[in-house]
Amino acid sequence: MRGRISMQILSLGAAAALLAGCETIGLRSSPTPQPRPASLRVTPPAPAAPSARSQDLSRYYLQVQNDLLTRDQLRTDGGGPDTPFTIDDLTRNFENIVFFDEYTRGGGVTTRGGSGRLSRWSDPVRIGTEFGTSVPQATRDKDRARIEGYAKRLARLTNHPIAATDRNANFHVFVVGEDDRDFVQQRLTQLVPGISKAELDLFGNLPRSFYCLVVAVSGSRAPNTYTRAIALIRAEHPDLVRLSCIHEEIAQGLGLPNDSPSARPSIFNDDDEFALLTTQDEKLLTMLYDPRLQQGMTAEEARPIARTIAGELMGQPQ
């Protein structure tokens, strides 16, 4: 989804400084955040009437969705005869999306094309969803059910324990509006002790050109093993765009951080052709969590294994 930010980091430090002008950022390094007592959870009050600014954003994003739909974008069919892909395509797209960050840092300059190492989760992924005050109850119920169903689908695809939960989450999904900034900042302060004001602003003051974001957090002793993730999805989005953000941010937080213009059919492509996880995206997730691939592998090390797995998934063993 254009306007999305996706990050792989060990802490939130320095992320805010790279926000300007970037849609996708790859950062790496920090200690694992310590869990906070459940008693510190901030419970937002009942939904309140949205502010004028929030209503303006809702109208803007509805127009964006309508414009995309009139151009036959935001497809929900997962791909079909018009979007064929081969073993070579699948292998190449896996490498581009898993190993290459769209933006990397160097000498204070943000550039494209940095190569990383395979990163994913080892522990079970427990997805907890929290809603801001501005989110209507009907939207809360719908999104909670969607995320629960999506978690089950991701668990089947990856053969990794992934589930929605009401407690002890390590993958936090915030569905919040412009009027919920205080709530988000309180929760982030609890989840990431010592977080700076600049880092809080990364989540609290997004320009409207950024639709949603995800940050995956690794431990300093295992820099390619995720231990926590935080995703933010704007509540002002209309239904399909909001669901698209849910699909993409959670999938990216599992270890598919990049976008590739050659990936089709795929949500990991900034052209907005597809709104929801596609048939190729399903295979990318299956490949990512195949035990023959290991955290910390380079693209070169993983390439022959990935091609073998791609052949199997395409019904053409190599």
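Rule-based calculations on the coordinates, nothing more; no lab input. The shown structure was predicted, so the numbers you read here are calculated from the model rather than taken from an experiment. When we count neighbours, we look across all protein chains shown, and the Cβ atoms used for this are built from the backbone with ideal geometry, even at glycine.
Tabulated data
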{"item": "Extension gain from E148 to T76, taking 0.36 nm per residue of separation minus the Cα-Cα distance", "result": "24.1 nm"}
{"item": "Segment R208-Q55, extension gain: residue separation times 0.36 nm, minus the distance between their alpha carbons", "result": "53.8 nm"}
{"item": "Exposure proxy order (Cβ contacts within 10 Å, fewest to most) of L243, L284", "result": "L243, L284"}
{"item": "Region 62-74 - phi-based ³J(HN,Hα) in whole Hz, Karplus 6.51/-1.76/1.60, Gly and Pro as x", "result": "5, 5, 4, 4, 4, 5, 5, 5, 5, 9, 6, 8, 6"}
{"item": "Residues with amide H under 5 Å from that of V125, placed H, sequence gap 5 or more", "result": "I162, A163"}
{"item": "Contour minus Cα-Cα distance for D166 and R292 (0.36 nm per residue)", "result": "42.1 nm"}
{"item": "Kirkwood Rh in Å, taken over all unlike Cα pairs in region 236-318", "result": "13.9 Å"}
{"item": "Cα-centre dipole for region 192-318 with unit charges at Cβ (Lys and Arg positive, Asp and Glu negative), debye to 20", "result": "400 debye"}
{"item": "Against the rule of thumb 2.2 N^0.38 Å, how large the Cα Rg of region 131-176 comes out", "result": "1.24"}
{"item": "Hydrodynamic radius (Kirkwood) for region 161-272, which is based on Cα pairs only, to one decimal in Å", "result": "15.2 Å"}
{"item": "Relative contact order (percent, whole number), region 132-195, Cα cutoff 8 Å, 6+ residue spacing", "result": "44 percent"}
{"item": "nm² value of the averaged projected area, convex hull over the Cα atoms of region 157-200", "result": "4.6 nm²"}
{"item": "Label point distance in nm, R303-L62, each placed 7 Å from Cα along Cα→Cβ", "result": "5.0 nm"}
{"item": "Neighbour-count ranking [beta-carbon atoms within 10 angstrom, fewest first] of T91, T83", "result": "T83, T91"}
{"item": "Ascending count of other beta-carbon atoms within 10 Å, so fewest first, for D82, D123", "result": "D82, D123"}
